[in-house]
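As structure tokens, the structure follows; a few thoughts come after it.
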Amino acid sequence: MKQHIYKLLSDALPTVDFDRDFLFGELDSLGIATIMMLLERDFKIRLKVEDATPRNLRNIDSIVKMVETKLAEK
């Protein structure tokens, strides 16, 4: 799943370094919205505005964890 999310996001946002330890600091509001929209569409999950936090978008591992949590809630 991690590789799939990494490819999905890096293809959509090629200027963002998804290998960074603190990814959230590199994202603007459009980048955050893009990530949330892509994850919702690809994994058929529902993400809320409250999910777009520095903790959930800290790095690729935290994004994977957020997706796994949302999938488990379905």
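The values are calculated or read from the model by the stated rules, or taken from the named source; none is laboratory data. None of the values given here were measured: they were computed from a predicted structure. Neighbour counts are summed over all protein chains in view; Cβ atoms, including those assigned to glycine, are modelled from backbone coordinates with ideal geometry. Heavy atoms of the whole protein, side chains included, go into the accessibility calculation; ligands, DNA and RNA do not. Shrake-Rupley method; radii C 1.70, N 1.55, O 1.52, S 1.80 Å.
Here is how the numbers come out for the structure above:
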item	result
Subset of the stretch 23-74 [β-branched (V, I, T), over 21 Å from D11 (Cα atoms) and under 11 Å from the mean Cα position of the chain (by Cα)]	T53
Matching residues in the stretch 1-13 - criterion: being free of Cβ contacts under 8 Å to residues at least 40 places away in the same chain, part of a helix (DSSP H, G or I) and either within 15 Å of N59 (Cα to Cα) or open to solvent by 60 Å² or more (accessible area, probe 1.4 Å) (or both)	Q3, H4, K7, L8, S10, D11
Count of residues meeting criterion [part of a helix (DSSP H, G or I) and of a type outside the set (S, T, Y)] in the stretch 19-62	22
Hey, D28 modelled with pLDDT under 95 and either out of contact with any Pro (no Cβ under 9 Å at 6 or more places or on another chain) or surrounded by 13 or more Cβ atoms within 10 Å (Cβ to Cβ) (or both) or not	yes
Residue in the stretch 14-23 that is open to solvent by less than 70 Å² (accessible area, probe 1.4 Å), of a type in the set (A, V, I, L, M) and at pLDDT below 95 present	yes
Any pair with Cβ under 7 angstrom, 6 or more apart, that starts in the stretch 54-74 at a residue that is touching a residue at least 12 places away in the same chain (Cβ under 8 Å) and ends at one that is outside any loop (DSSP other than H, G, I, E, B) and open to solvent by 90 Å² or more (accessible area, probe 1.4 Å)	I60/K2; V64/K2
Set D61, D51: member being open to solvent by less than 100 Å² (accessible area, probe 1.4 Å), more than 16 Å from Y6 (Cα to Cα) and either at pLDDT 95 or above or not aromatic (F, W, Y) (or both)	D51
